[in-house]
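Here is the structure we will look at.
A short reminder: the numbers here are calculations on the coordinates, not readings from a lab. Quick caveat: nothing in here was measured; it's all calculated off a predicted structure. No Cβ is skipped: glycine too gets one built from the backbone with ideal geometry, and neighbour counts run over all protein chains shown.
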Amino acid sequence: MEVIIYPTYDEISKAAAAVVAETVNNKPNAVLGLATGSTPLGLYKELIRMHREEGLDFSHVTTFNLDEYVGLSPDHDQSYHYFMDENFFKHVNVPPENVHVPSGTTQNYRAFCEWYEDRIDECGGIDVQVLGIGSDGHIAFNEPGSSLGSRTRIKTLAKQTIEDNARFFESKEDVPIYAITMGVGTILEADKLLLLANGANKAAAIGAAVEGPVSVACTASALQLHPDSVIMIDQKAAENLKMREYYEWIQANKPGAPNTS
Ligand code: PGA
C-alpha cells in the first residue's frame, strides 16, 4: 500500500491522471475501472485536457464503472450514466460500445450482475481501478458490513451515504436507497487500485482504511490486501494517519528520487 500526500486537490488529480495516462499509453486497449462522485472530477478534467492537448487516445480503451443507483434511468441527471457522459465520455474518444456502467433499470438484477462480472473477465480484467471513499469508509457502494469477498450485486445504502449524497438531489427523500455495485472482491481483482480522497470529512475513513484492521466496518481497508494499491490524498484527509511522517519519508526517499541516486 503506497500512501502519497499531496499539498492540493489539483495535484492529486494530476498525479492520478498521470497514472491512468501511463496505463493507456503502455497498453492502448487498457481496461479502466472508473468512479463517480466529486473526488474524481479533477482527474477526468485532466484526462480530457490530455486528450485534447496531448493526443491521449482512448479509442481502444474499455471502461467499467463501479456502480449505479437502482431506479434511475441513464438520462436522469443524478444517474451515474449521466454523470459519466457529462464529465468524461462526451469529451474523449472511448468508443460507446466499450463503455460499461451498471444498469439501474434492468428487469433482472441477478442476471445483469452476473453478466457484468463475466464481461469484466471477457475484457481481460481491469488494469487500473479508480476509487473514491465514502465518509463511512465504503468503496463503490460497499457499505460497512459488506463482505470483503462480495461480487457485483444490489446493495442497500447506509443512512450516512444517503445524507452525504442528498446534496445532489432536491431532498434526502429523493436519494435512491438501493444501488447496484461491484463487490469488494470484484474490485480487489483489478491489477492496480488508485484511491483518491481530499478534505477533512474523509480523514476518519482514510485513517481506518490505511491503518485500521482489515474489517467489514471499513470496506476500503480491504485495499491493505492488494499488492498494488495507491492512496492519493491531501493534507486534510491525512490528518488521522499515525504514520504520516513515515509515508512522507518513503516518498522523499523513493529509489530514483534525487537524494537516493
Ligand atoms: P465523493 O464520494 O467523491 O463525492 O466524496 C465518494 C464516495 O462516496 O465513494
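Overview of results
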read-out	value
Yes/no for LEU56 being under 26 Å from LEU188 (Cα atoms) and surrounded by 15 or more Cβ atoms within 10 Å (Cβ to Cβ)	no
Filter result for ASP67 (touching a Ser or Thr at 6+ places or on another chain (Cβ under 7 Å), under 19 Å from ALA16 (Cα atoms), among the acidic types (Asp, Glu) and touching a residue at least 40 places away in the same chain (Cβ under 8 Å))	no
Candidate set from the range 174-207 (those that are of a type outside the set (A, V, I, L, M) and more than 28 Å from LYS242 (Cα to Cα)); member that is surrounded by the most Cβ atoms within 10 Å (Cβ to Cβ)	THR181
Residues being within 16 Å of the ligand (Cβ to nearest atom), in a loop (DSSP other than H, G, I, E, B) and in contact with a helix residue (DSSP H, G or I) (Cβ under 6 Å, 6 or more places away or on another chain) - total across the range 114-151	8
Within the range 18-46, tally of residues that are assigned to a helix (DSSP H, G or I), away from the ligand (no atom under 16 Å from the Cβ) and not acidic (Asp, Glu)	8
Answer residue from the range 152-174, given it is touching a strand residue (DSSP E or B) at 6+ places or on another chain (Cβ under 8 Å) and not in a strand (DSSP E or B) and is farthest from the ligand (Cβ to nearest atom) among those	THR152
Whichever residue in the range 77-95 is in a loop (DSSP other than H, G, I, E, B) and closer than 22 Å to TRP115 by Cβ and, among such residues, is farthest from the chain's Cα centre (by Cα)	PRO95
Lone unmet requirement of (1) within 16 Å of the ligand (Cβ to nearest atom); (2) under 23 Å from VAL214 (Cβ atoms); (3) touching a strand residue (DSSP E or B) at 6+ places or on another chain (Cβ under 9 Å) for PRO102	(2)
Considering residues of the range 187-235 that are in a helix (DSSP H, G or I), in contact with a Lys or Arg (Cβ under 7 Å, 6 or more places away or on another chain) and within 15 Å of the ligand (Cβ to nearest atom) only, the residue nearest to ARG151 (Cα to Cα)	ALA203
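Per-residue answers, yes or no, for (1) more than 30 Å from TYR116 (Cα to Cα); (2) small (Gly, Ala, Ser):
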| site | (1), (2) |
| --- | --- |
| ILE187 | no, no |
| LEU196 | no, no |
| ALA204 | yes, yes |
| GLU211 | yes, no |
| THR219 | no, no |
| PRO255 | yes, no |
